[in-house]
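The structure appears below as structure tokens.
The values are calculated or read from the model by the stated rules, or taken from the named source; none is laboratory data. The structure displayed is predicted, hence computed values, not measured ones. Cβ coordinates were reconstructed from backbone atoms using ideal geometry, including for glycine residues, and neighbour counts include every protein chain displayed. When the accessible area is computed, the model is the full protein with side chains, heavy atoms only, and any ligands, DNA or RNA have been set aside. Shrake-Rupley method; radii C 1.70, N 1.55, O 1.52, S 1.80 Å.
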Amino acid sequence: MQSKKIPSGLWPVMLTPFKQNKEIDFTALDNLTQWYIDSGVAGLFTVCGSSEMYTLTDDERIELAKRVLTKAVNKVPVVATGTFGGPIQKQAEFVKKMSDTGIAAVVCLVNQLADKNQNDDVWKANTEKLLSLTGNIELGLYECPNPYHRLLSPALLEWVISTDRFVFLKETSANIDLIKQKIAIAKNSPLSFFNAHSGSILESLQYGGNGFCGIAANFYPELFAWICKHFKDQPELAQQLQQFFIDNEKAVIEHKYMTSAKKFISLRGINIKTTCRACDHILDEKDISLLENLLKEVTIYRQKLGL
């Protein structure tokens, strides 16, 4: 591997817009992709948890990645998930299909490379097999919490880096001590480290992390793009933003997510329905009021940051 292709900054976990009949709305997807790009993202992560990836067929996963890439080409790189369980041979074949779309890296779900009751040695052996079957395709890792939450230990991360095949990591422990250990291990390697926890994004950036890759970016991506770029030169504003992220994570961002995220984006002017396949949340008047108040706060921060 000659160079790190994954730029630092914000990598939002992309939503998938659906029509009322739950078919993918590709026109809305084009508009949504452009909205992310206009917000200053470093790259895009599609076919992920927020994309409702487990509800998509293999054909839809490929089609989704291709469509996002078409809109993003020559602007920002795109990564997408390529492992969805089953025999390693089968997972490797789909990794190759996803790579053929032209994306920058194919992301592997950490929890799909070994069962919940299997130890790290089994995970390592399965991953070695996947590597042997996928040539020199550049890969990523995502500590997806569903169907079960498997985290990479620092020791296992060292091994991952030693393979020289992985360029992207979405870390989901929300444990700043563990995050710091992993960042230290990933430094000076081809692996870019992206924290999924908005409550510790500033501290992880200060410690050398490469950026943010979490669900809150589906509400105010430009604020995360800003903190990734300016946390050093405008520390006071960065600290204010960090507190804003903390204040809203549990009360608003995680409440009835992904329906709430799609509604919020529609309030921001993007024509996207709240239809989801993976959940059936109903937003009541209180929920809408929460989102409208959040939008007012975001507008204030946009003005404060000159966005």
Taking the Cα centre as origin and putting +1 on Lys and Arg beta-carbons and -1 on Asp and Glu beta-carbons, what dipole magnitude results for the chain, to the nearest 20 debye? 460
Distance from the stretch 235-278 to the stretch 86-143 (C-alpha centre basis), Å: 31
Carbon and sulfur %, accessible surface of the stretch 138-261 computed with the full protein complex present, 1.4 Å: 50
Are there GluC sites (Glu not before Pro) in the stretch 243-307 that DSSP marks as loop and that have at most 15 other Cβ atoms within 10 Å, and which are they? 254
Would you please name the trypsin sites (Lys or Arg not before Pro) within the stretch 96-136 that are DSSP coil residues with at most 16 other C-beta atoms within 10 Å of their C-beta? 116
Given a 10 angstrom Cα cut-off, can you work out which residue in 163, 16, 172 is the most mobile in a GNM of the chain? 163
Can you give me the relative contact order of the chain as a percent, contacts being Cα pairs under 8 Å and 6 or more apart? 20
Most mobile of 57, 275, 127 per a Gaussian network model of the chain (Cα springs, under 10 Å)? 57
Any idea what angle helix 221-230 forms with the longest principal axis of the chain, computed on alpha-carbon atoms, 0 to 90 degrees, nearest 10? 70
Roughly what would the spin-label model give for residue 243 and residue 132, points 7 Å off Cα along C-beta, in nm? 5.5
Projecting the Cα atoms of 11, 136, 87 onto the charge dipole of the stretch 1-157, where Lys and Arg contribute +1 and Asp and Glu -1 at Cβ, the residue farthest towards the positive end is 136
Could you please put 183, 37 in sequence from largest to smallest accessible area, using a 1.4 Å probe? 37, 183
How much mean residue ellipticity at 222 nm does the chain get from its helices, if each DSSP H run of length 4 or more adds -39500 (n - 2.57) and you divide by all residues, to the nearest 500 deg cm²/dmol? -13500 deg cm²/dmol
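DSSP beta bridges in the chain, what fraction antiparallel, as a percent rounded to 5?
5
So what's the stretch 16-118 giving for Rg/Rh, alpha carbon basis, Kirkwood Rh from the mean inverse pair distance?
Looking at the stretch 16-118, the ratio lands at 0.98.
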Please state the relative contact order of the stretch 141-214 as a whole percent: Cα pairs under 8 Å, 6+ residues apart? 28
Let me test this: with uniform point scatterers at the alpha carbons of the chain, what is the Debye-based log₁₀ I(q)/I(0) at q = 0.09, 0.12, 0.14, 0.15 1/Å? -0.41, -0.76, -1.05, -1.22
Points 7 angstrom from Cα along the Cβ direction at residue 267 and residue 34: gap in nanometres? 2.4
I'd like to know how the stretch 97-179 sits against the 2.2 N^0.38 Å rule of thumb: what's its Cα Rg over that expected value? 1.07
Ranked from the most accessible area to the least, with a 1.4 Å probe and all protein chains present, what is the order of 241, 295? 295, 241
What angle do you read, to the nearest 10 degrees and between 0 and 90, between the alpha-carbon axis of helix 176-186 and the longest principal axis of the chain? 50
For residue 149, what accessible surface area do you get with a 1.4 Å probe? Give it in Å², rounded to 10. 90
Where a ≥ b ≥ c are root eigenvalues of the Cα gyration tensor, a/c under 1.5 meaning rounded, otherwise prolate if a/b exceeds b/c and oblate otherwise, the stretch 176-297 counts as prolate
Determine the relative contact order of the stretch 71-151: mean sequence separation of Cα pairs under 8 Å and six or more apart, normalised by residue count, in whole percent. 33
Give the angle, between 0 and 90 degrees and rounded to the nearest 10, that separates the Cα long axis of helix 58-72 from the longest principal axis of the Cα atoms of the chain. 60
Cross-link candidates for residue 97: which lysines have Cα within less than 22 Å, leaving aside residues fewer than 8 places away along the same chain? 5, 66, 71, 129, 170
